[in-house]
1. Can you list the helices (runs of 4 or more DSSP H) found entirely within region 309-387 that contain at least 2 residues being under 17 Å from Pro481 (Cβ atoms)?
2. Give the residues of region 123-145 that are within 26 Å of Gly422 (Cβ to Cβ) and among the polar types (S, T, N, Q), sorted by residue number.
3. Just to be sure, is Arg216 in a loop (DSSP other than H, G, I, E, B), farther than 28 Å from Glu413 by Cβ and either of a type outside the set (Ser, Thr, Tyr) or modelled with pLDDT of 90 or more (or both)?
4. Return the total of residues in region 87-104 being modelled with pLDDT of 95 or more and of a type in the set (Ser, Thr, Tyr).
5. If I filter region 148-161 for residues that are assigned to a helix (DSSP H, G or I) and over 19 Å from Ala229 (Cα atoms), do I get at least one hit?
6. Being part of a loop (DSSP other than H, G, I, E, B) and of a type outside the set (D, E, K, R) narrows it down to one residue among Ser88, Ser99; which is it?
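The values are calculated or read from the model by the stated rules, or taken from the named source; none is laboratory data. Everything numeric in this text was worked out from a predicted model, so none of it was measured. FYI the Cβ positions are ideal-geometry reconstructions off the backbone, even for glycines, and counts take in every protein chain you see.
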Amino acid sequence: MEPAVYTGPKPHPRSTVPHFSLFTTPRLAHGPASTGTREMELLTALPFVLSLATLLLYLRRVRTPRRSSLPPSPPALPIIGHLHLLSSMPHHALARLSSRLGPILHLRLGRVPTLVVSSPRLAREVLKTHDAALASRPRLLSGIYLSFDCSDVTFSPLGPYWRQARRICVSELLSPRRVASFSRFRRTELRRLLGSLRPPPSSSYSPPPPVDLSARFFALANDVLCHVAFGRRFSDAGGGRLVEVLTEAQALFAGFTLGDFFPGLGWVNSATGLTRRLERNRAELSAVCDEIIGEHEARLDEADREEDFVDVLLRARKSPDLEVPITDDNLKALILDMFVAGTDTTSATLEWVMTELARHPRVMKKAQEEVRSIVGGKKEVADGDVDQLHYTKTVIKETFRLHPPVPLLVPRESVDPCVIDGYHIPAKTRILVNTYAIGRDPQTWENPLEFYPERFDNSDVDVKGQSFELLPFGGGRRGCPGYPFALATLQITLSSLLYHFDWELPPGVGADEVNMDEIFGLATRKREPLVLVARERAGCEFEADESTDS
């Protein structure tokens, strides 16, 4: 894979003052006396000429803002600007541009001025130094329709409602105590997954068949999140209706929408049929959420009942301390935000980490030895064991580095102008942070294309948004509030897979033959499903619910 990184020196902003060549005054043809007089006249006039030139240059700068104050930009096309450069893998295309032009770019995507940053230093500028000025969100079409007028945590603009919604998520929905209480849901669904991987007793002596892990990871993530959010399993809910509606919503949230680059031209989305599809899915989401909310309201006062996300939000909206009232649509947006944001990123990361382990048996063996040494002879990995699995955590970090679940962080929008790296960034500029390029930056990482978890040994780089070399969950005030829950699910699932099973590629498939192509979407997934052979570890018994469909 071509390294998508910047390798040259940082380009300096072009000067805002035109370059002048200074010429010597030509020799005058009137003899010595005349020459002295002319020289005195020139010296007398020189201050006036220089003052006039300075004034003209100043007026020109004031009246005609120059593009040189903006970051480097490739040639653009009429109307569409730089849209043609994005391709189906925009994070790859933008990384290649950054390798040529530098880690900060200015693009015109349709009618939208866009800043792209592709280095840890510049990510820090965006997510920390100028966090307040760059912390709003553009009104994207998917957010308008499927987040009920951008009223979830992800898409809502900076302001009192967003601050209140985020506070509820951090302190109520996803507090450390609440995340720990969801362990039972994770454990139930994880046991189902493990049971589905165990071959039938009749085939215990025959080679086990390859298993489609991509499908199983997607089902696991959906079932865990659905259980936590709605109090029901995804695959059992509503006779398949919830499955269909939420799957369609996930598809509609994925990728770029042409209309988002041409604000005000609604006919673009109508002509493609997208508006009709969004309207239909919004109506279906609303109906499903009304049903779920109604069920929860009917049993809200029941004692000794474990709360899910809906229960917590219903209780929170009755609080007299709310700065902004929470409407029914706001409630639906917040519920769906927690579900949609978590499922694809969790399943995609599990898919990539197992892919890399299957391609690197040395790393697989080292991680398995650690897990099996810590867990010992117990029937399953306990939550307390995970804290001691240091190498397994470096494997997850290395996967995040090479395969960030969201390679282009959710777009930000500047509310105020600011200066980044010497360049002027106007208000209403859209900002993209390319975590894919950052993770492969040779100025940051030695041998950046190599899967080598040991690079994180004795490293203080974390995944919480404070280390700008590694941003799987974003950073700053718009960082993902659900990262503790996602990380807990990833760690217990991976360590359990390594503890209970030995893994290998299907017969005849070499490590270099595994297809590593991606599909860009809500999260970046493998283009081809991950298929591996799972061999149950000899002498290892575990508690497993085998009722999950294969």
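1. So the answer is 309-316, 328-359.
2. Answer for region 123-145, where residues must be within 26 Å of Gly422 (Cβ to Cβ) and among the polar types (S, T, N, Q): Thr129, Ser136.
3. no
4. Within region 87-104, residues that are modelled with pLDDT of 95 or more and of a type in the set (Ser, Thr, Tyr) number 2.
5. Looking through region 148-161, at least one residue is assigned to a helix (DSSP H, G or I) and over 19 Å from Ala229 (Cα atoms).
6. Going through Ser88, Ser99 in turn, just one is part of a loop (DSSP other than H, G, I, E, B) and of a type outside the set (D, E, K, R): Ser88.
Residues are listed down the side, and each one gets a yes or a no for (1) surrounded by fewer than 24 Cβ atoms within 10 Å (Cβ to Cβ); (2) free of Cβ contacts under 8 Å to residues at least 24 places away in the same chain:
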{"position": "Arg317", "(1), (2)": "yes, yes"}
{"position": "Leu322", "(1), (2)": "yes, no"}
{"position": "Pro325", "(1), (2)": "yes, yes"}
{"position": "Phe339", "(1), (2)": "yes, no"}
{"position": "Glu356", "(1), (2)": "yes, no"}
{"position": "Lys366", "(1), (2)": "yes, no"}
{"position": "Lys378", "(1), (2)": "yes, yes"}
{"position": "Val381", "(1), (2)": "no, no"}
{"position": "Val406", "(1), (2)": "yes, no"}
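Let's see how each residue does on (1) farther than 17 Å from Ala427 by Cα; (2) more than 17 Å from the chain's Cα centre (by Cα):
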residue: Leu115; (1), (2): no, no
residue: Ser119; (1), (2): yes, no
residue: Leu122; (1), (2): yes, no
residue: Glu125; (1), (2): no, yes
residue: His130; (1), (2): no, yes
residue: Ala135; (1), (2): no, no
residue: Pro138; (1), (2): no, no
residue: Gly143; (1), (2): yes, no
residue: Asp152; (1), (2): yes, no
